[in-house]
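The values are calculated or read from the model by the stated rules, or taken from the named source; none is laboratory data. All figures in this text were calculated on a predicted structure; none of them were measured in a lab. Virtual Cβ from ideal backbone geometry, glycine too; neighbours counted across all protein chains shown. All accessible areas refer to the heavy atoms of the entire protein, side chains included, with ligands and DNA or RNA removed. Shrake-Rupley method; radii C 1.70, N 1.55, O 1.52, S 1.80 Å.
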Amino acid sequence: MPDNIQVELLNDAFNVFRDASHRLEQQYALLEQKIEDLNEEIAEKNRAMERNRRLAAMGEMAAKIAHEIRNPLGSMAIFATLLERELTAEPDKRKFAEHITKGVKTLDNLLSNMLLFASNPGTRLKQVDLRDVIEDAISMTIGHEKQGVRIKTSFEGSTLVMADQAQLRQLFLNLILNSLDALDEDGILTIKIRASEDDQSMIQVEIKDNGRGIPSDCLDRIFDPFFSTKERGTGLGLAIVSTVVSAHEGFIDVSSEHGKGTKFIISLPVAGPEKRFC
Ligand SMILES: Nc1ncnc2c1ncn2[C@@H]1O[C@H](COP(=O)(O)OP(=O)(O)O)[C@@H](O)[C@H]1O
Ligand SMILES: [Mg+2]
């Protein structure tokens, strides 16, 4: 083979080798970058796992503390009520006892929400009359009443659902307290129970107030845990509402007009006859 052909072949081979080596270098750099990204991803996942572990531990601790606080709080509520009765003839002093009762109720509500939020207790379903639940929830708002605010109720048709009574009470208490917070003097809160028009297997509870309403840019955040527009709000109320409704295979419809009022409709499955004795 002539020398010049050999040189050309060698040149070609060298060029092929140089291109291949260049491509390999590029691929190596890409791989290195990918490994770096993956390492960063693993580190972030580890951090998230650690955060979740801590949150779970905190949730457990919060649930334990909430249980511990509950007992002395129960005694305080009983003694404050006794004190209120003792002081019937002295309205000025009675007011102090009423303040204690109100404070205890607020704390009790906060603890119930925390327990439901932190410990996901599962639902214990039995046949429940929604009238009793709503009446219980209304009675638990004593101390939170507002001057001149009226609560109107209307119950139509069957009011029986399969539900966890304590969780439903907390659900409606949260909705009613939110309405009371939003209402000004002489406002009206209406609570209706009725069969759903579209779906006979569902019962609807409508909670409607003519209070300050929810601005449209807040509406899609109100169910987020810890979202609150109140100075001392926890933002747990509606998160619990949403969790409890889902656990009961129900759904929520909310509409609100800023400055005019808010309407929540909670739909829950009617208690079926086959489940009557569960
Ligand atoms: N009936 C209502 N009227 C006006 N705003 C409401 C009503 N219900 C809920 N909201 C808004 O939704 C937010 C979240 O409610 P919630 O989860 O119960 O937390 P919190 O009551 O502690 O603020 C409230 O801070 C308020 O801005
Ligand atoms: Mg609330």
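Axis angle, to the nearest 10 degrees, between helix 3-86 and the longest C-alpha principal axis of the chain: 10 degrees. Only Lys, Arg, Asp and Glu carry charge here, each on its Cβ (+1 for the first two, -1 for the last two); on that basis the chain has a dipole of about 1500 debye about its Cα centre. The residue among 114, 26, 59 whose Cα reaches farthest toward the positive pole of the charge dipole of the range 15-127, with charges on the beta-carbon of Lys, Arg, Asp and Glu, is 114. What does the C-alpha gyration tensor say about the overall shape of the range 1-121? Classify as rounded when a/c is under 1.5, otherwise prolate if a/b is larger than b/c, or oblate. In terms of gyration-tensor shape, prolate. Quick one: with all protein chains in place, what share of the accessible area of the range 1-121 is carbon or sulfur, to the nearest percent (1.4 Å probe)? It is 62 percent, rounded to a whole number.
Assuming charge only on the beta carbon of Lys and Arg (+1) and of Asp and Glu (-1), the dipole of the range 126-275 about its Cα centre is about 260 debye to the nearest 20.
Contact order for the chain, expressed relative to its length and based on alpha carbon pairs under 8 Å spaced 6+ residues apart, stands at 15 percent.
Relative to the longest principal axis of the Cα atoms of the chain, the long axis of helix 165-182 makes an angle of roughly 90 degrees. Using a ≥ b ≥ c from the Cα gyration tensor of the range 126-275 (square roots of the eigenvalues), is it rounded, prolate or oblate, where a/c under 1.5 gives rounded and otherwise the larger of a/b and b/c decides, a/b for prolate? It is prolate, given that a/c is not under 1.5 and a/b is the larger ratio.
For the range 1-121, the solvent-accessible area with a 1.4 angstrom probe is 83 square angstrom per residue. Against the chain, whose longest principal axis is taken from its Cα atoms, helix 91-119 shows a tilt of about 30°.
Backbone geometry of the range 221-230 corresponds, through the Karplus equation with coefficients 6.51, -1.76 and 1.60 at θ = phi - 60°, to 3J(HN,Hα) couplings of 10, 5, 8, 5, x, 6, 7, 8, 9, 9 Hz, x marking Gly and Pro. When the Cα gyration tensor is reduced to axis lengths a ≥ b ≥ c, the ratio a/c is 1.5 or higher for the range 101-161, and with a/b not above b/c it is classed as oblate. Every helix of 4 or more DSSP H residues in the chain counts as -39500 (n - 2.57), and over all residues that averages to -20000 deg cm²/dmol at 222 nm.
Taking every C-alpha pair closer than 8 Å and separated by at least 6 residues, the mean separation divided by the residue count of the range 1-121 gives a relative contact order of 26 percent.
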